[in-house]
Amino acid sequence: MTMQTLKRTLAAAGIALGMASPAAAAPIELWAQFNMPPTGSFGAISVPLTTSSFGIGGVGGPAPSQAVLEAVLGSLTGIRIGGMGNAVSSGFFTTAFGFDIGVVQLGSGPSEPATGFGTFGPVNSVSSGTASGVPTLGVSSFSSTPGTMIGFVLSAGYLGDQSARAGETLLFALRPGAGFFVNPAYVADGGRVILFGDDTVVGVPAPASLALFGLGLLGLATLRRRGAG
């Protein structure tokens with residue numbers, strides 16, 4: 001590699017690195033899984049807000065560092081509570097799958113009923129009700145695709161007066177409906193909690209940025225060897 005070619009390579013890498021930098025500030029997702037309570041019964045779900053409970057980008061993803069977890073909890077932009085399942089057809093009938101959610105408490109924040117939450121996934125219906133005098137929300141789907149995920153998006157109003165620190169817990173009441181998690185594999189780990197946060201404080205490098213940075217270091221090493229020769 002000539003000196004002129006090397007300079008051009010380093011310049012291109014520097015420009016590309018500068019262009020790639022904004023991607024490093026993209027929101028980060030932390031995923032956790034939980035076991036479902038028995039069908040038709042409300043159960044208390046507790047998800048520890050610890051590094052061992054979550055994976056970055058999905059269940060089974062790399063565990064976040066303590067700094068990343070604290071940054072996400074300190075800049076929460078959304079929380080999703082959902083689960084995996086599929087509707088089941090029998091003759092002329094199809095049994096939808098879904099669940100109800102009751103009170104939710106994030107960390108040391110107040111325990112609040114599930115009201116005004118949005119939904120995600122292929123949801124066909126949303127219902128409201130009460131359990132022991134507490135408002136509940138229900139969601140259901142007729143999707144027959146195995147592993148379909150549906151659930152609730154906690155509202156901005158809910159997050160507005162909530163706060164949590166690493167080591168605390170996310171608590172909520174959940175009741176699977178008839179036909180939900182008919183596949184035993186979903187019962188064991190079908191529940192999902194997804195935290196959305198801004199990672200700009202931590203500044204997790206994007207893969208492209210790391211690759212270009214490595215290219216720059218390689219070029220500098222080559223320059224030094226040539227200079228020494």
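The values are calculated or read from the model by the stated rules, or taken from the named source; none is laboratory data. Note that the structure is a prediction, hence the values are computed from the model and not measured. FYI the Cβ positions are ideal-geometry reconstructions off the backbone, even for glycines, and counts take in every protein chain you see.
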Practice item. Please specify each residue of segment 39-59 satisfying the condition of being in a strand (DSSP E or B) and not hydrophobic (A, V, I, L, M, F, W, C). Key: G43, S46, P48, G55
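The rows are residues; the columns are (1) acidic (D, E); (2) modelled with pLDDT of 85 or more; (3) assigned to a strand (DSSP E or B); (4) within 18 Å of G191 (Cβ to Cβ).
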{"position": "G61", "(1), (2), (3), (4)": "no, yes, no, yes"}
{"position": "P64", "(1), (2), (3), (4)": "no, yes, no, no"}
{"position": "I81", "(1), (2), (3), (4)": "no, yes, yes, yes"}
{"position": "I101", "(1), (2), (3), (4)": "no, yes, yes, yes"}
{"position": "T119", "(1), (2), (3), (4)": "no, yes, yes, yes"}
{"position": "S128", "(1), (2), (3), (4)": "no, yes, yes, no"}
{"position": "P135", "(1), (2), (3), (4)": "no, yes, yes, no"}
{"position": "V139", "(1), (2), (3), (4)": "no, yes, yes, yes"}
{"position": "G151", "(1), (2), (3), (4)": "no, yes, yes, yes"}
Review point. Residue check: is G129 on the phi > 0 side of the Ramachandran plot, touching a residue at least 24 places away in the same chain (Cβ under 8 Å) and not charged (D, E, K, R)?
Key: no
Practice item. Give just the number: which of (1) more than 19 Å from the chain's Cα centre (by Cα); (2) under 26 Å from T148 (Cβ atoms) does G121 not satisfy? Key: (1)
